[in-house]
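Worksheet: the structure to be examined is printed underneath.
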Amino acid sequence: MQKFVITGGQALHGEVVISGAKNAALPILMASLLATDDVEISNVPALQDVRTSLKLLADLGVGSTQRDSNSYVIHPQELTNHIASYDLVKTMRASILVLGPLLARSGKAQVSLPGGCAIGARPVNLHIEGLRQMGAHITVENGYINAEVDGRLQGAQILLDTVSVTGTENLMMAATLADGVTTIENAAREPEIVDLANFLNALGADVRGAGSDTIEIHGVEQLHGGSYSVQPDRIETGTFLVAALVTGGDVTCKNTDPTMLDAVMKKLTEAGAKISKGDDWIRIEAPARPKPVNVITAPHPAFPTDMQAQFCALNAIADGSGWVRETIFENRFMHVPELQRMGAQIELEGNTAICKGVAELAGAQVMCTDLRASASLVIAGLVAKGQTTVERIYHIDRGYEAIEKKLTALGARIERQN
Ligand SMILES: CC(=O)N[C@H]1[C@@H](OP(=O)(O)OP(=O)(O)OC[C@H]2O[C@@H](n3ccc(=O)[nH]c3=O)[C@H](O)[C@@H]2O)O[C@H](CO)[C@@H](O)[C@@H]1O
Ligand SMILES: C=C(OP(=O)(O)O)C(=O)O
């Protein structure tokens, strides 16, 4: 298994080009199943999850042609199969996003339950309930969701019990081809929802209100082909900003979108960073040592759960005590024991990680448990004294394109080893 070997202590300096957003690219790839003609998607990050998605589409009969390292043409007219098997779904939760498009396009879908995941139970009951309200017959048997509809799905008024990003996406995609109008209330407002809606509309869908908590979808008979560029990755951006801050550096993230990062930039400023920004860039200039911050995760536009682990690494070396409270997932602190191995003074009290900053972390052998936990360990390794070995980096490869190359270009000493 591959690992990163990091020698800490280098301040990051320079410019880094941000990739397309994983959490926008994955739903957009799955949404291409809804179209009847070729769909060209660019600014697709080169990630393991993208490769898994393309494999999943291929399993459904839908081929793709790679144009360059970050763009693909998807051929949805080739759809022949409606079964998303356990073997692929188990490696990537976002596979559940084929459920809505398959059902809408071919009237049936059999999708393996994504199952338990490292950060919490992550049920999909809201996806299933919403599709049932749209007229689908759904059973869950032997680890598979079996969904069928006679004719077209029907427009429905759906109120989500809790805000769910992929739940909103699945229902929004399914509703584009439904008969009538679908309203999703208490919808997720994440920027990735807006990107997906813009993509669907570029293919001829009629989705209104994405980015607010009520989305209205006027069903159309079919979606045509088209081309679309995926939005920048706000979580990758935030991760580089934190890495720059904790190492005492000065980094400009290019090809990004500052409007998606208000909550994160607010906390970075509280930590003592000087932030400047333009239309598509953000620069961070770090203080000598960051101040601790208190963070509560919540649905967008509040502080994103996908940035929580990175802020635990920040608090670990801050000048004072701060806390991070996780309200979205019930088990998202697996980076804490690993950070403790590096000398971090963090105590877990329920869903809150209380951290007393130390002047110096010490390099150690640590293990990735999930994607953002891995990012926090890399950040800690960059600032720790001595050598840190980060094991099981297949987690980080799911969501960060060439992270070690981008960090090396900023002056970090990080090496991928087998
Ligand atoms: C591929 C993708 O975009 N992943 C993101 C997506 O995950 P994902 O879409 O899986 O996360 P959700 O927004 O659905 O989860 C939010 C909360 O709702 C609960 N829930 C969700 C669905 C459901 O049917 N029933 C239910 O109870 C979950 O257990 C969780 O407690 O949003 C999360 C929250 O911003 C991010 O951390 C993930 O990076
Ligand atoms: C939790 C994440 O991803 P996923 O939903 O794909 O597991 C993430 O991107 O931080």
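Every number in this text was worked out from the coordinates using simple rules, so none of it is lab data. Model, not experiment: these values are computed from the prediction. Note: ideal-geometry Cβ built from the backbone for every residue, glycine included; neighbour counts use all protein chains shown.
In terms of surrounding Cβ atoms within a 10 Å radius of their Cβ, SER229, SER95 rank from fewest to most as SER229, SER95. Dividing the convex hull volume of the alpha-carbon atoms in segment 22-229 by its residue count gives 100 Å³ per residue.
Axis angle, to the nearest 10 degrees, between helix 234-246 and the longest C-alpha principal axis of the chain: 0 degrees. Between ASN125 and GLU360, full extension at 0.36 nm per residue minus the direct alpha carbon distance yields a gain of 80.1 nm.
Let me have the 222 nm mean residue ellipticity of the chain computed from DSSP H runs of 4+ only, each contributing -39500 (n - 2.57), with the sum over all residues rounded to the nearest 500.
Only helices count here, giving -8500 deg cm²/dmol.
If the chain linking GLN2 and ARG132 were pulled fully straight, counting 0.36 nm for each residue of separation and taking away their Cα-Cα distance, it would gain 42.5 nm. For the chain, the longest principal axis of the C-alpha atoms and the axis of helix 371-383 are separated by about 20°.
State the dimensionless ratio Rg/Rh of segment 179-292 (Rg: radius of gyration of Cα atoms; Rh: Kirkwood radius).
Rg/Rh: 1.13.
Among TYR72, TYR144, TYR394, rank each residue by its count of other Cβ atoms within 10 Å, from fewest to most, as a rough exposure measure.
Going from sparsest to densest Cβ surroundings: TYR394, TYR144, TYR72.
If I take all pairs of Cα atoms in segment 90-186, what percentage of them are more than 22 Å from each other? Percentage above 22 Å: 21. With K and R counted +1 and D and E -1, the other residues having a Cβ less than 10 Å from that of SER112 yield a net charge of 0. Averaging the Cα positions of each part gives two centres, and for segment 1-37 and segment 190-260 these lie 13 Å apart.
Using a cut-off of 30 Å between Cα atoms, the listed pairs LYS55/LYS385; LYS22/LYS274; LYS90/LYS266; LYS22/LYS356 include LYS55/LYS385; LYS90/LYS266; LYS22/LYS356 as exceeding that distance.
Size of the chain: Rg and Dmax of its alpha carbons, in Å, are 21.3, 64. Taking other C-beta atoms within 10 angstrom as a stand-in for reagent exposure, ASP370, ASP68, ASP87 fall in the order ASP68, ASP87, ASP370, fewest first.
Could you tell me the distance between the Cα centroids of segment 363-418 and segment 60-86, to the nearest Å? One Cα centre to the other: 31 Å. In degrees, nearest 10, range 0 to 90: what is the angle between the Cα axis of helix 165-175 and the longest Cα principal axis of the chain? The answer is roughly 20 degrees.
Mean-square fluctuations from a GNM of the chain, with a 10 angstrom spring cutoff on Cα atoms, peak among ALA178, ALA25, ALA263 at ALA263.
Length gained on full extension, LYS90 to ASN331: 84.9 nm, using 0.36 nm per residue less the C-alpha separation.
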